[in-house]
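See structure below.
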Amino acid sequence: MNESGLVDPELQSVFAQIPMLAGLTPDDFTISTLPGYTNRNYRLHNPDYDWVLRLPRPTTNGLIDRAAEAHNQSLAHKLGLAPQVLWCNDYGITLTPTLRNSRNLRRADFNTREGIEHVVKVVQQLHRSGLRFQGRADLAYTLESHYDLLDAALRKDYAPRLAQAQRILSLLEGDCADWVPSHRDPVLGNLLLTDNRLWLIDWEYSAMAPPYWDLAILCNEAELDLAQSRFLLQAYCADGPAMQESKLFDYRGLLKLLSDCWMAALADL
């Protein structure tokens, strides 16, 4: 039973689709709602099982390659960075084990150099793994598609920012930096800490991308100042190729616009 005393009517039909839930109903679990913008997430718990069930919102599936997500998360699981997906389908419904005694990373976790280095090591492990993720990030297309989700009034408000972003993107087109397997959405809600181990969840947007992408989102999410973002970049580049601080700054602005467009669009969906 849901903590509020209500059960999502879709849950009953979903239970019938998942082999591991055969013979079980929502009434067999304590069901609690978990945070999520693009999905509805539930913890299913009883003395025998502890799972997280994800139901995608219909709008989300128009923006996500679910086959690529499943492939990429499976590779990330083999690296020890992502929880194992026990079951999934082409629509994006997933069942995963609950990461017990976990908490989301907080901005305060970035207040020390040790905290920043802890996060950077996980990103380094992914980026330097040599894995070939399915999908290739196209920031110009992604920005425009999220901008198109806005209503007419908001599109007018956001048009100057989009025009500026397009000018910056035109200058970045010649970037020859190697693309790497990327999570592409390492917001604080997708970073879970358990016993000093950091996990990345929700690999919906994962793809090959410039390394700046993940780093810029981390900087934005943690609201890092100039000195902190410089240290994060230096820590990331240790024993690896040099990167440009100016490009990290550009990506921070571009991905802030992408996030603003998405959140504004969600408010109207």
Item checked: Qualifying residue in region 202-211 (condition: farther than 26 Å from residue 61 by Cα, assigned by TED's automatic domain parsing to the domain that holds residue 256, of a type outside the set (Asp, Glu) and in contact (Cβ under 8 Å) with a residue 24 or more places away in the chain) -> no
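Check region 211-228 and report whether any residue there is under 17 Å from residue 123 (Cα atoms), assigned to a helix (DSSP H, G or I) and over 16 Å from the mean Cα position of the chain (by Cα). Let's see the steps before the verdict.
Step one: filter region 211-228 for residues under 17 Å from residue 123 (Cα atoms), giving 211-222, 224, 228.
This time we only want the ones that are assigned to a helix (DSSP H, G or I), so: 212-222, 228.
In the following step, the residues that additionally are over 16 Å from the mean Cα position of the chain (by Cα) were identified as 228.
Yes, because at least one residue in region 211-228 is under 17 Å from residue 123 (Cα atoms), assigned to a helix (DSSP H, G or I) and over 16 Å from the mean Cα position of the chain (by Cα).
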Next item on the list: Just give me the residues in region 85-119 being of a type in the set (S, T, N, Q), more than 13 Å from residue 53 (Cα to Cα), at pLDDT below 95 and loosely packed, with under 14 Cβ neighbours inside 10 Å, in sequence order.
Entry: 101
Notebook entry, point to check: Pairs, please: C-beta under 8 Å, at least 6 apart or cross-chain, first residue within 16 Å of residue 259 (Cβ to Cβ) and in region 125-148, second of a type in the set (Ser, Thr, Tyr)?
Noted result: 137/182; 147/158
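Which of the following residues is outside the structural domain of residue 62 (by TED's automatic domain parsing), under 24 Å from the mean Cα position of the chain (by Cα) and at pLDDT 95 or above: 167, 161?
Values: 167 fails: under 24 Å from the mean Cα position of the chain (by Cα).
Unique residue meeting the criteria: 161.
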Notebook entry, point to check: For region 92-103, which residues satisfy the criterion of being closer than 14 Å to residue 72 by Cβ and not in a loop (DSSP other than H, G, I, E, B)?
Noted result: 94
Next item on the list: Take region 187-207 and flag every residue that is out of contact with any Ser or Thr (no Cβ under 7 Å at 6 or more places or on another chain), in a strand (DSSP E or B) and within 22 Å of residue 256 (Cβ to Cβ).
Entry: 191, 200
Checklist line | Check on residue 52, of a type in the set (A, V, I, L, M, F, W, C) and either part of a loop (DSSP other than H, G, I, E, B) or closer than 19 Å to residue 183 by Cα (or both) | finding: no
Notebook entry, point to check: Can you spot a residue in region 144-157 that is closer than 22 Å to residue 211 by Cα and among the hydrophobic types (A, V, I, L, M, F, W, C)?
Noted result: no
Notebook entry, point to check: Out of all the residues in region 240-265, which are basic (Lys, Arg) and more than 15 Å from the chain's Cα centre (by Cα)?
Noted result: 247, 252
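Return the only residue of 158, 147 being over 19 Å from residue 38 (Cβ atoms), crowded, with 16+ Cβ neighbours inside 10 Å and among the aromatic types (Phe, Trp, Tyr).
Selected residue: 158, the only one of 158, 147 that is over 19 Å from residue 38 (Cβ atoms), crowded, with 16+ Cβ neighbours inside 10 Å and among the aromatic types (Phe, Trp, Tyr).
Would you confirm whether any residue within region 74-91 is outside the structural domain of residue 132 (by TED's automatic domain parsing), outside any loop (DSSP other than H, G, I, E, B) and closer than 24 Å to residue 148 by Cα? Break it down stepwise before answering.
So the first thing to find is which residues in region 74-91 are outside the structural domain of residue 132 (by TED's automatic domain parsing), and the list is 74-91.
Right, trim to outside any loop (DSSP other than H, G, I, E, B) and you get 74-79, 87-88.
Now restrict to residues that are closer than 24 Å to residue 148 by Cα: none.
No, that holds for no residue.
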Check: Quick one: in region 21-65, which of the residues that are buried (at least 16 other Cβ atoms within 10 Å of the Cβ) and aromatic (Phe, Trp, Tyr) is nearest to residue 258 (Cα to Cα)?
Finding: 42
Notebook entry, point to check: For region 229-251, does any single residue satisfy the condition of being among the acidic types (Asp, Glu), part of a helix (DSSP H, G or I) and buried (at least 16 other Cβ atoms within 10 Å of the Cβ)?
Noted result: yes
Margin query: Looking only at region 12-42, how many residues end up being assigned to a helix (DSSP H, G or I) and modelled with pLDDT under 85?
Written below: 1
Notebook entry, point to check: Given the structure, is residue 63 closer than 28 Å to residue 149 by Cα, at pLDDT below 95, in a loop (DSSP other than H, G, I, E, B) and in contact with a helix residue (DSSP H, G or I) (Cβ under 8 Å, 6 or more places away or on another chain)?
Noted result: yes
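The values are calculated or read from the model by the stated rules, or taken from the named source; none is laboratory data. This is a predicted model, so every value here is computed, not measured. Glycine gets a Cβ as well: all are built from the backbone with ideal geometry, and neighbour counts include every protein chain shown.
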